[in-house]
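What follows is a set of notes on a single structure, which appears directly below.
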């Protein structure tokens, strides 16, 4: 996902000129024990730790109605005009250029590659018969990765439920989606599980729920009229809780299916992906400290608590009341422990301020139930994140202390920049260098992280702003009919890091780094 605009849209106070008794995230200093991020190499990480990059089906494949594929909710959302006329009908044309892209993946030295399967390409009617062309494409893609010794890490649902199921019963606000998703997952395990060991059920399950059913700025674009966007359908007071409930049931049922039917034979792992900000109290007052914990409980605990403890956080149940569905005893037992790893997407850190007045509103959504304001503080710009790697370290420490140190894959981490064609992206190198160094420090302090994936491999169609910004290691020239890919300076930096070189300092030009 692109995730800078999310802080502007999700949650909601823009406060550029504040004076406060906290330091900016970019000013955080490391402890004496932290890694010198100018001196580590790939060899400082365990040999079984994997480094990679990622994309997703809708964002990179194109060919939206080709070879039997049907629309997903993201297609419909894009064609509604949200992106001012832009869509991913063609985007990077990864559907036709996958061999070229995998050659670049191999040339860069990636050890693993994260991608998603388009449900509506594989099973165009959402359920029932498999599309032979779609099946062939994903078989070819996986086989091509493996031929280069690259691990495939597959996401099953990346904001792209088949539109036919949305039209039929409302998608994830209906429990019918649970059965259809499990059947789709069963198909994927059966067809690809002999070669794929790492499966993620849902990408950014929390952002998908909040964006799609509370605030309306992501597919399927449902929200109440009091929301930020003028949605034509939806109810922000209860639909986010309902959709989240069904997503959790679908995830748990999918894990149960895999463990019962495929685990002994395929030996794979199934997890779920959650978007993480690191939240810091706006001040050191008791109220802001407690509000920060509430923000974590609503934003992360909403999904992780059921997976670890079998139920929603107490504060979520208290503040949302009867709008939060309850798990049956059997559902609770089956959800608890239903994951082999947690995937996290992280880009930046934010401040949290207490906001008890939101609980006095006559009509409330998830954001109001949180009774906390997440502050976009003006230390960010719309086109670049601050380099604040302590946020990642603190997230990994939080997972270790609050949730029993589960296996973690950092599925997305990277620097946003304007998509202007420049190949000299030294800010991206500075960001990656700092965050990978922070990750190494977290590993040395006991984090159970297993892999790190840069978002994204290519400049592609971003969830929140289409083609305006890019996260890619490779620039894609959208004005060239061949959609030619060009390595940025960061691609060379990452390739050299993966070769085990000491990438000290931020190098100013492509000539300073060895080519592939």
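Throughout, read-outs are computed from the coordinates displayed, never taken from laboratory work. Worth saying up front: this structure is predicted, and the values here are computed from it rather than measured. Counting neighbours? That spans all protein chains shown, and the Cβs are built from the backbone with ideal geometry, glycine included.
Please list 118-125, 461-468 highest first by mean number of surrounding beta-carbon atoms within 10 Å per residue.
On the way: 118-125: 24.6, 461-468: 21.6.
My ranking of the peptides, most packed first, is 118-125, 461-468.
Packing here is the average count of other Cβ atoms within 10 Å per residue, and on that basis the peptides 446-459, 331-344, 49-62, highest first, run 49-62, 446-459, 331-344. Each label point was placed 7 Å from the Cα along the Cα-to-Cβ direction; for residue 318 and residue 39 their separation is 4.7 nm. The separation of the range 115-141 from the range 222-259, counted between C-alpha centres, amounts to 24 Å.
Restricting the calculation to Cα atoms, the range 28-156 shows an Rg/Rh of 1.10 when the hydrodynamic-style radius is the Kirkwood one.
With the convex hull of its Cα atoms as the shape, the range 379-453 has an orientation-averaged projected area of 5.5 nm². Semi-axes of the equivalent ellipsoid for the range 245-287, computed as √(5λ) from the eigenvalues of its C-alpha gyration tensor and ordered from largest down, come to 37, 13, 7 Å. Modelled spin-label separation between residue 359 and residue 311, with each label point placed 7 Å from Cα along the Cα-to-Cβ direction: 1.9 nm. Taking each pair of different alpha-carbon atoms in the range 453-505 once, compute 1/r for the pair, average those values, and report the inverse of that mean as the Kirkwood hydrodynamic radius in Å to one decimal. Every distinct Cα pair counted, the radius reaches 12.2 Å. Taking the fewest neighbouring Cβ atoms within 10 Å as the starting point, the ordered list for 267, 198, 251, 96 is 267, 96, 198, 251. Shown here are the Rg and Dmax of the Cα trace of the range 53-116, at 13.2, 39 Å.
In whole percents, the pair-distance distribution calculated for the range 111-191 from its alpha-carbon pairs, binned every 10 Å from zero, is 17, 49, 25, 8, 1.
For the chain, give me the percentage of DSSP beta bridges that are antiparallel, rounded to the nearest 5 percent.
Rounded to the nearest five, the antiparallel share is 25 percent.
Directionally averaged projected area (the range 391-430, Cα convex hull): 3.8 nm². Translational diffusion of the range 411-487 was estimated from the Stokes-Einstein equation, with Rh taken as the Kirkwood radius over Cα pairs; at 10 °C and 1.306 mPa s the coefficient is 116 µm²/s. The convex hull around the C-alpha trace of the range 160-240, projected and averaged over every direction, spans 5.7 square nanometres. When you work out D = kT/(6 pi eta Rh) for the range 260-405 at 25 °C and 0.890 mPa s, using the Kirkwood radius from C-alpha pairs as Rh and the Stokes-Einstein form, the result is 145 µm²/s. The share of alpha-carbon pairs in the range 345-496 lying farther apart than 26 Å comes to 40%.
Taking 0.36 nm per residue of separation and subtracting the Cα-Cα distance, full extension of the segment from residue 136 to residue 84 would add 15.3 nm.
The slack in the chain from residue 333 to residue 129, taken as 0.36 nm per residue of separation less the alpha-carbon distance, amounts to 70.2 nm. The calculated Kirkwood hydrodynamic radius for the chain is 23.0 Å, given to one decimal from all distinct C-alpha pairs. Size of the range 316-371 from its Cα atoms: along the principal axes, largest to smallest, the extents are 38, 33, 13 Å. For the range 224-309, the Kirkwood hydrodynamic radius from C-alpha pairs, put into Stokes-Einstein at 20 °C and a viscosity of 1.002 mPa s, yields a diffusion coefficient of 134 µm² per second. Normalised size of the range 208-274, defined as Cα radius of gyration per 2.2 N^0.38 Å with N residues, equals 1.47. Ordering 436, 375 from the fewest to the most neighbouring beta carbons within 10 Å gives 375, 436.
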